[in-house]
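In what follows, a single structure is set out as C-alpha cells and then discussed.
Just so you know, all these numbers are worked out from the coordinates, no wet-lab data involved. As the structure is a prediction and not an experimental result, all values here were calculated from the model. Cβ coordinates were reconstructed from backbone atoms using ideal geometry, including for glycine residues, and neighbour counts include every protein chain displayed.
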Amino acid sequence: MAFLTPFLTRRGAGLLGTWRIWRDTGRLAGRTLVTACTPSAYNRATRDVVMKQIYFTAWQILPTFTLFAALLAYVLIQIVVTTAANYGLSEFALEVSVRMLVLEILPLLTALFVALRSSSAINTEVALMKIHGEIEALEDAGVDTLRLELMPRVIGGVVSVLALVTVSSALTLVLAYVAVYGPQLWSLPDFSRVMAKVFDAQIMLGLLLKTLAFGLAVTVIPVAEGLATPRKLFMAPVSVLRGMVRLFFVLMLIEMLSLAYKYI
Amino acid sequence: MERPPVPEPVKRPIVPPLVKNLELKIGLLLSFTLLLIAAFALYVLHARGAFEDTRSLVLIAENAEGINVGMPMTFSGFPIGKVKRLDLGAKGEVRIEMAIPERDARWLKQTSVFLLEKNLLGAAKIKAYSTDLGDAPLPDGETRALLTGDIAQEIPLLVERMKGILTNVQAMTAGESAINRTLGSVATVADRMAGEYGILEGVLGGPEQAMQVVGVLQKTNSLLAHLDGVSLKVDGILAKTDSQVFGPDGVMDQTRQSVAKVNAILGDARDSLRKVDVILANAQTASADVTRITGNVSAATADMARLRADVDDSLRKINHLINEINRKWPFARDVEIRTP
C-alpha cells in the first residue's frame, strides 16, 4: 500500500491544482464583471488600456481577418448551395448557410483567431509580470491591478471579439445573398423571409451571449493562468501552453452548450 | 551662503504616442460595430413583420404534423403569411393561427381554399388557392378548414387503382381480346380496300358485289340518256299544242269568229222583235176599229203567218249557233279531250 500513498498524493495535488485554477478563473471573471459594471472603475488610464487592447486585438487584424472570413464563408456557402441544388433542396441552402456560418462558425473562428493572436500574448505578459514580481510590487504600492491592468484587457477583448464577429457576419450575409440570388436586389423579400425565419429573438440573444462569452473566455483564462504562474522563469512557456489548452477547451464547451440549447 | 544649485529638471524625451489617432480609430470601429448591430436588429424586426399590420386567419386541421410556427403560407408560390401559433382545440382539432400582412390579405377571398401539402421529401407546405379574385375579401379572424393533400397517404390507394387498371390493360392486350379481334377485322377490311374496286369492295365484302353496283350505275346512266330524249319530245308536243290553240286558225281564232256571227244573229232577232212591235201596234189600232178588223182579218192572218215564219227562222239560227259553239268549245264539260 506504500506505493499508493505518493501516487494518490500526486493525483490529489494535481486535481486540487486544476480545481484551484478553475476556481480562480471563475472568481476573476466574476470580479472583472463586477468591476466593469462599476462606473467609478473607469478613468483615463483604464480607457487607454482598453483602447490599446482593442487596437491590437481588433483593429490591426480587421482587414486580414475579414478577407479570410469572407473567403472561407464564400467557399462554404458555395458548397452548401451546390449540394442543396443537387438534391433539389435549393430553398434550404440559404437558411443552412446562414445558420452554419453566422450562428456557429464565424463566432468560433473569431474566438480562435483572437485566442491564437492576443490570448497567448496576454498570457505571456501577465505570466512575466507575475514572475518578475511586478504585480505584487504594484499591489504593494496600492495600485489596483485588477482595475488598471486586468479588467481593461478583458473589456478590450470582449469588445474586439464582438466587433470582429459583427463585421465578418455582416459581410457573410451579403455574400450569402449574392451566392444564392446573384448580384441583384429583386430577391430581397425572399432573403428577408429566410432571415426572419432564422433570427428570432432567442437566437439573436443567444448569439450575443455566446459572442460575449467567447470574448470573456479569450481574455479571462489567459489572465487567470498568468496570475497562477509560479515565480520561476521556466514556468512562463508552461503557463502559456496550459492557458491555450484550457482556452480551447472552454471555447468548445461554450459552442457545445450553445448548440445543445438551440437544437436539443 | 550659497545655496546649492537647483538641479535641472530632468528633460523627459517627448515620446510619440504608440498609435496615431488611436481614439479616432477605436471610435470608428466601435460606432461601425454598433451601427451594424442596430441596423441588423431593425432589419430582422422588419423582416419578421414587426412594423406592419397583420390580420389573423384560423385554419382547422386534423393534425399538426409537419406544421410549425413561422412556417410560410404561399399563394401562387409567393409567401403571403405565416403560422403564428399552434393550438389544440376543444374537440381535439388543431387550430393554426396565421398572421397575414395587410398588403397580402387581398389575395385571400371568401371562396379561397387552404391546402396542407406534405411531400415525400422536404417540409410540408400550406398553400392558399383563390379561384375567383373578384370575390369578396376574407374578413379578419375568419376560420377555415385546412385540407390535407398527403401524398404518402394516397400511395396505397393509388397502388390499388393501378393494379385494377393494369389488369384491364392485360385483358385488353391478350391474344383473344375484343380489341385484338377488332384490329384483325380492320386489317381484313383494309386488305379488301386495297383491291380493284377500292373502298366499295371493302364496304360490300367482295369484288362481285362491287361489280354489281358498278353495273347499276352504268344502267342508270343510259336511263338518264333516254330521259333526255323523252323530254325533248315533250317539248315538241307542247310547241304544237301552242300553235293549235293560240295560233292563226287555232281554236281561239275560230271562237272569235263564232262570237261575231252570234252578234249578227242577235241583230236579226232584234229586227224581228221590232217587226212584232209594229204588228202589235197594228193590232191595237185594229181593236179600236173593230169594224175594220173584221174586214182585214184575212190580211192580218196572212201577216201573222209570215211573222211566225220569221221568228221560227231566227230561233233556228240561234239553236244552230249554240250547237256550233258547243262543238267547237274545247273545254265543254261533256267534251272528251284526246291527246294529239
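Rounding to the nearest 10 and keeping the result within 0 to 90°, find how far the Cα-based axis of helix A:235-263 lies from the longest principal axis of chain A.
40 degrees
Using the eigenvalues of the Cα gyration tensor, what equivalent ellipsoid semi-axes result for the protein assembly as shown when each is taken as the square root of five times the eigenvalue, whole Å, largest first?
Details: eigenvalues 3795, 282, 122 Å².
For the protein assembly as shown, the semi-axes come out at 138, 38, 25 Å.
Hey, in the GNM for chain B with a 10 angstrom Cα cutoff, which one of B:Ala174, B:Ala286, B:Ala105 fluctuates hardest?
B:Ala286
Could you give the semi-axes, largest first, of the ellipsoid that matches segment B:32-179, computed as the square roots of 5 times the alpha carbon gyration tensor eigenvalues and rounded to whole Å? Spell out each step's value before the answer.
Working: eigenvalues 357, 72, 53 Å².
Equivalent ellipsoid of segment B:32-179: 42, 19, 16 Å, largest first.
Explain nothing, just the number: relative contact order of chain A, from Cα pairs under 8 Å at least 6 residues apart, as a whole percent.
About 31 percent, as a whole number.
Could you give the nm distance between label points at A:Val75 and B:Glu23, where each point is 7 Å from its Cα heading toward the beta carbon?
About 4.3 nm separates the two model spin labels.
Quick one: what do you get for chain B if you divide its Cα Rg by 2.2 N^0.38 Å?
Details: Rg = 65.2 Å, N = 340, 2.2 N^0.38 = 20.2 Å.
Chain B yields a ratio of 3.23.
For the pairs A:Lys210/A:Lys232; A:Lys210/B:Lys118; B:Lys84/B:Lys118, flag any whose C-alpha to C-alpha distance is greater than 31 Å.
Numbers: A:Lys210/A:Lys232 36 Å; A:Lys210/B:Lys118 36 Å; B:Lys84/B:Lys118 19 Å.
Long pairs (Cα-Cα over 31 Å): A:Lys210/A:Lys232; A:Lys210/B:Lys118.
What shape does segment A:42-263 have by the C-alpha gyration tensor, where a ≥ b ≥ c are the square roots of the eigenvalues, rounded means a/c under 1.5, and otherwise prolate means a/b greater than b/c and oblate the rest?
Values: a/c = 2.76, a/b = 2.39, b/c = 1.16.
Note, shape of segment A:42-263 comes out prolate.
So what is the relative contact order for segment B:115-233, in percent, with contacts set as C-alpha pairs under 8 Å and at least six apart?
On the way: 69 pairs, mean separation 16.9, N = 119.
Relative contact order of segment B:115-233: 14 percent.
Rounded to the nearest 0.05, what FRET efficiency do B:Ala136 and B:Asn168 give with R0 = 35 Å and r taken as the Cβ-Cβ distance? Could you check?
Numbers: r = 46 Å, r/R0 = 1.32.
Efficiency computed from Cβ-Cβ geometry: 0.15.
Given Cβ point charges of +1 (Lys, Arg) and -1 (Asp, Glu) and nothing else, what value in debye, to the nearest 20, does the dipole of segment B:52-151 about its Cα centre take?
On the way: 13 positive and 15 negative charges, 25 e Å.
Here the size comes out at about 120 debye.
To the nearest 0.05, how large is the calculated FRET efficiency for A:Leu4 and A:Glu136 if R₀ is 56 Å and r is the Cβ-Cβ distance?
Values: r = 38 Å, r/R0 = 0.69.
Approximately 0.90, to the nearest 0.05.
Between B:Ile265, B:Ile165, B:Ile67, which gets the highest mean-square fluctuation from a Gaussian network model of chain B, Cα cutoff 10 Å?
B:Ile265
If you take the charge dipole of segment B:174-245 about its Cα centre, with +1 on Lys and Arg Cβ and -1 on Asp and Glu Cβ, which of B:Thr188, B:Ala210, B:Thr220 is farthest toward its positive end?
Result: B:Thr220.
Using unit Cβ charges (K, R positive; D, E negative) and no other charged atoms, how large, in debye to the nearest 20, is the dipole of chain B about its Cα centre?
Numbers: 40 positive and 41 negative charges, 173 e Å.
Computed charge dipole of chain B: roughly 840 debye.
Compare B:Leu223, B:Leu86, B:Leu36 in a GNM of chain B, Cα atoms joined below 10 Å, and give the one with the largest fluctuation.
Among B:Leu223, B:Leu86, B:Leu36, the largest GNM mean-square fluctuation belongs to B:Leu36.
Using alpha-carbon pairs under 8 Å, 6+ residues apart, how would you state the relative contact order of segment B:174-245 in percent?
Here the relative contact order equals 13 percent.
Which of rounded, prolate or oblate describes segment B:174-245 when judged by the alpha-carbon gyration tensor and an a/c cut-off of 1.5? Working shown, then result.
On the way: a/c = 8.24, a/b = 4.55, b/c = 1.81.
Taking the square roots of the gyration eigenvalues as a ≥ b ≥ c, segment B:174-245 is prolate.
If one computes the Cα centroid of segment B:203-273 and of segment A:146-198, what distance in Å separates the two points?
Measuring centre to centre over Cα atoms gives 116 Å.
Counting Lys and Arg as +1 and Asp and Glu as -1, each charge on the Cβ, what is the dipole of segment A:178-258 about the Cα centre in debye, to the nearest 20? Before the final figure, lay out the partial values.
Values: 7 positive and 4 negative charges, 74 e Å.
That gives a dipole near 360 debye.
Stretch A:Met100-A:Tyr181 to full length: gain in nm at 0.36 nm per residue minus the Cα-Cα span? The partial results should precede the final answer.
On the way: separation 81, 0.36 × 81 = 29.16 nm, distance 1.82 nm.
Taking 0.36 nm per residue and subtracting the Cα distance, the gain is 27.3 nm.
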